[in-house]
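Okay, structure first, notes after.
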Amino acid sequence: MQLEYFHLIDRIVDLDIGEKKIVVEAQVPKQSTIFEGHFPGYPLMPGVLLIESMAQGSGWLLLGLLKFERMPILAAVKEAKVRGSVFPGDLITIEAGLSHEGSGFAVTEAKIRVGGKLRANSTLTFTLIPFPNPDMRGYMNSVAERVGFPQQAIAP
Amino acid sequence: MSSTFDQVATIIAETCDIPRDTITPESHAIDDLGIDSLDFLDIAFAIDKAFGIKLPLEKWTQEVNDGKATTEQYFVLKNLAARIDELVAAKSASA
């Protein structure tokens, strides 16, 4: 996890296209400039970054389901709850499942756990847009490689 | 059993916090009720769930953008309700 670059997912643990579910992991860094301000003497993963982590986990699920033909963009956050703190050094596990696929949009349910304990959950809506340019498509390919996206899961 | 329009009007009222009594069959979702595209995603989600269909929003938008249809055909609520009835009937026929 590199907070300053918004690299919030380290690896895809499991992508189940049939069940429309994904599990991803990320190690919260022990040090980051973000923790210098949030908060001095009590470093804490910001709630908005937990939501973004759930969005990125959901995004990999949607990219898989869409076979990289469209890019999911976060559009709405609902029922977001931060149920417990996430601290520097924690290993977070994010589970996300598709709850609805509409025309040009999708809704996921996502959860963050640390050591099996629920720390956050949310319902997230995404718009599904064509990749705006080849650069972004190429970038997502490179990130997919970094997080170990299982290309065989979407092979024809 | 309430009509399709009544169900849609209730969904819009609850989703967008619009007084139910201001929503009529002649209301245009965008021009009269001020519903924007993001709010309409919530409405589409609720309609999809309530009727077991998938509103073809992208197709409709493309048709409007191409000048092949008007927004009134899809977003005046009596017309939206009629489109929903068609989609439900088509789904039932193919089941």
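Within segment A:126-156, take every residue that is aromatic (Phe, Trp, Tyr) and open to solvent by less than 20 Å² (accessible area, probe 1.4 Å) and give me the one that is modelled with the lowest pLDDT.
Here the answer is A:Phe149.
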Residue set A:Glu79, A:Glu4; condition without any contact (Cβ under 8 Å) to a residue 60 or more places away in the chain, at positive phi and charged (D, E, K, R); output residue A:Glu79
Taking segment B:4-33 and keeping only residues that are out of contact with any strand residue (DSSP E or B) (no Cβ under 9 Å at 6 or more places or on another chain), touching a residue at least 12 places away in the same chain (Cβ under 8 Å) and among the small types (Gly, Ala, Ser), one is left with B:Ala9
Requested in this report: Output yes when any residue across segment B:61-76 is crowded, with 20+ Cβ neighbours inside 10 Å and without any contact (Cβ under 8 Å) to a residue 40 or more places away in the chain, and no when none is.
Outcome: yes
Yes/no for A:Ala76 being within 16 Å of A:Lys20 (Cα to Cα) and either open to solvent by less than 20 Å² (accessible area, probe 1.4 Å) or within 14 Å of chain B (Cβ to nearest Cβ) (or both): no
- Query: Among the residues of segment B:85-93, is there at least one that is assigned to a helix (DSSP H, G or I) and closer than 25 Å to A:Leu74 by Cα?
  - Reply: no
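Table: residues versus (1) within 14 Å of chain B (Cβ to nearest Cβ); (2) surrounded by 17 or more Cβ atoms within 10 Å (Cβ to Cβ).
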| position | (1), (2) |
| --- | --- |
| A:Gly84 | no, no |
| A:Gly89 | no, no |
| A:Ile92 | no, yes |
| A:Glu95 | no, yes |
| A:Thr108 | yes, yes |
| A:Lys111 | no, yes |
| A:Val114 | no, yes |
| A:Asn121 | no, yes |
| A:Leu124 | yes, yes |
Inside segment B:30-76, the number of residues satisfying the requirement of being more than 14 Å from chain A (Cβ to nearest Cβ) and part of a helix (DSSP H, G or I) is 4
Across (1) modelled with pLDDT of 95 or more; (2) over 11 Å from the mean Cα position of the chain (by Cα); (3) of a type in the set (Val, Ile, Thr), B:Thr4 clears everything bar (2)
Scanning segment B:33-53 for residues that are over 18 Å from A:Val77 (Cβ atoms) and buried (at least 16 other Cβ atoms within 10 Å of the Cβ) gives B:Leu33, B:Ile35, B:Ile47, B:Asp48, B:Phe51, B:Ile53
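Okay, residues lined up against (1) touching a strand residue (DSSP E or B) at 6+ places or on another chain (Cβ under 9 Å); (2) of a type in the set (Gly, Ala, Ser); (3) modelled with pLDDT of 95 or more:
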| residue | (1), (2), (3) |
| --- | --- |
| A:Met1 | yes, no, no |
| A:Tyr5 | no, no, no |
| A:Ile9 | yes, no, yes |
| A:Asp14 | yes, no, yes |
| A:Ile22 | yes, no, yes |
| A:Ala26 | yes, yes, yes |
| A:Gly37 | no, yes, no |
| A:Leu50 | yes, no, yes |
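The values are calculated or read from the model by the stated rules, or taken from the named source; none is laboratory data. This structure is a prediction, so every number in the text was calculated from the model and none was measured. Cβ atoms come from the backbone with ideal geometry, glycine included; neighbour counts cover every protein chain shown. Areas reflect the complete protein model, heavy atoms only, side chains present, ligands, DNA and RNA absent. Shrake-Rupley method; radii C 1.70, N 1.55, O 1.52, S 1.80 Å.
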